[in-house]
Amino acid sequence: MSPQPGYRGRFAPSPTGPLHFGSLVSALASFLDARAHRGTWLVRIEDVDGPRTVPGAAVEILDTLGRFGMFSAESPVWQSQREVAYQGAFAQLLATGFVFPCGCTRREIVDSLADSHTRHARHATLAYPGTCRNGLQGKPPRAWRMRVPDGDAAVLSFKDRWQGIQTQDLASEVGDFVLKRADGEWAYQLAVVVDDADAGITHIVRGADLLDSTARQIYLQRCLGVATPTYLHVPVIVNEHGEKLSKQTGATALDTAAPLVELTQAAKHLGLRPSPAGSLEAFFSDVTAQWAKRFAILGR
Ligand code: GLU
């Protein structure tokens with residue numbers, strides 16, 4: 001891969017609590033990839049999920065990133081300010097007939113899948129069985145869903161720069177997915193695609209817990225007629241129970257007084273071998289060069 005002058009990458013934390021070690025690893029990976037490409041690194045605050053957003057957490061995350069030497073090249077975008085953009089994309093999809101209202105409750109979906117083959121073992125969430133595809137059958141509308149194709153057209157593959165070729169059958173593994181939730185909030189899948197496209201993001205580097213979402217996002221990009229970025233998903237940090245590290249699963253807060261110690265640990269998790277460094281800048285130069293070599297990013 002040759003360096004791309006137009007490289008634009010991002011770190012997109014959800015402000016559900018302070019930055020923890022798992023999110024530091026994602027932040028560092030995206031930052032190093034942008035640096036290795038001599039590209040632009042941006043931060044987007046994913047506060048679209050109102051009920052999960054913790055007041056003050058976003059500012060705290062930005063402050064911690066700054067202490068760790070990682071600054072957004074442009075003013076951070078806040079999803080809570082992007083209603084007009086999401087509404088516009090939703091209207092575009094609605095006009096093309098891809099979107100339909102759904103009156104099912106979660107309970108109804110679970111029940112209708114109880115003995116069904118569409119229940120996919122790999123997924124924590126259940127594939128939507130298509131109940132309201134052809135009409136609400138007298139139920140009041142709750143959520144709005146994106147219709148996925150049938151047959152071979154539903155199988156989507158992409159090459160992940162870390163994980164290799166990934167294939168997902170949107171019809172059997174996901175089903176028609178939610179764009180606008182029953183509580184009126186925009187779904188993460190729609191917001192992320194619209195935001196990445198509007199920001200001109202060329203390279204997405206994030207945690208592997210989002211691998212399962214990528215095919216849906218590529219499908220949405222195609223339906224909206226926007227470019228698909230390249231993807232790199234770094235392994236997620238799990239606790240002793242195999243759960244993704246998060247505030248809910250007992251992640252301890254980062255020691256913001258010792259950025260080099262925390263960053264060195266994060267770099268090791270990414271398979272890098274940081275030399276003892278006296279400054280953040282020395283640390284970043286060292287690990288950026290290692291990252292560039294590892295991913296064959298030329299021109300350094
Ligand atoms: N906001 C998401 C999270 O914190 C990340 C979204 C993304 O990188 O696409 O898990």
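The values are calculated or read from the model by the stated rules, or taken from the named source; none is laboratory data. Quantities reported herein were computed from a predicted structural model and do not represent experimental measurements. Glycine gets a Cβ as well: all are built from the backbone with ideal geometry, and neighbour counts include every protein chain shown. Remember, those area values only see protein heavy atoms, side chains included, never the ligands or the DNA or RNA. Shrake-Rupley method; radii C 1.70, N 1.55, O 1.52, S 1.80 Å.
Against the definition (open to solvent by 40 Å² or more (accessible area, probe 1.4 Å) and modelled with pLDDT under 95), how does VAL238 come out, yes or no? Yes, satisfied.
Return the total of residues in the range 26-55 being within 12 Å of the ligand (Cβ to nearest atom) and β-branched (Val, Ile, Thr). Steps first, please.
Taking the range 26-55 and keeping what is within 12 Å of the ligand (Cβ to nearest atom), we get 26-27, 29-30, 42-49, 52-53.
Filter once more, keeping what is β-branched (Val, Ile, Thr): 43, 45, 48, 53.
Of the residues in the range 26-55, 4 are within 12 Å of the ligand (Cβ to nearest atom) and β-branched (Val, Ile, Thr).
So is ILE201 among the aliphatic types (A, V, I, L, M), touching a Lys or Arg at 6+ places or on another chain (Cβ under 7 Å) and at negative phi or not? Here the answer is yes, as ILE201 does meet what is asked. Just to confirm my filter: which strands (runs of 3 or more DSSP E) fall fully inside the range 130-171 and include at least 3 residues that are closer than 18 Å to GLN217 by Cα and within 18 Å of the chain's Cα centre (by Cα)? Strands (runs of 3 or more DSSP E) meeting the threshold: 155-160, 164-169.
Please verify whether the range 278-300 includes one or more residues that are within 20 Å of THR64 (Cβ to Cβ), open to solvent by 40 Å² or more (accessible area, probe 1.4 Å) and under 23 Å from the mean Cα position of the chain (by Cα). No: the range 278-300 contains no residue that is within 20 Å of THR64 (Cβ to Cβ), open to solvent by 40 Å² or more (accessible area, probe 1.4 Å) and under 23 Å from the mean Cα position of the chain (by Cα). Given the condition in contact (Cβ under 8 Å) with a residue 60 or more places away in the chain, open to solvent by less than 40 Å² (accessible area, probe 1.4 Å) and within 14 Å of the ligand (Cβ to nearest atom), answer yes or no: does some residue in the range 164-186 qualify? Looking for residues that are in contact (Cβ under 8 Å) with a residue 60 or more places away in the chain, open to solvent by less than 40 Å² (accessible area, probe 1.4 Å) and within 14 Å of the ligand (Cβ to nearest atom), one finds at least one in the range 164-186, hence yes.
When GLU74, GLU60, GLU108 are checked against the criterion of being charged (D, E, K, R), out of contact with any Phe, Trp or Tyr (no Cβ under 8 Å at 6 or more places or on another chain) and within 16 Å of the ligand (Cβ to nearest atom), GLU60 stands alone in meeting it. The set of residues from the range 147-172 being among the polar types (S, T, N, Q) and at pLDDT below 95 comprises just one member, SER172. Scanning the range 191-205 for residues that are touching a Phe, Trp or Tyr at 6+ places or on another chain (Cβ under 8 Å) and near the ligand (Cβ under 8 Å from one of its atoms) yields one hit, ILE204.
Among the residues of the range 216-229, some residue qualifies, meaning at least one is in contact (Cβ under 8 Å) with a residue 12 or more places away in the chain, within 13 Å of the chain's Cα centre (by Cα) and not in a helix (DSSP H, G or I).
The residues of the range 47-75 that are open to solvent by 90 Å² or more (accessible area, probe 1.4 Å), part of a loop (DSSP other than H, G, I, E, B) and not hydrophobic (A, V, I, L, M, F, W, C), listed by number, are PRO55, SER75.
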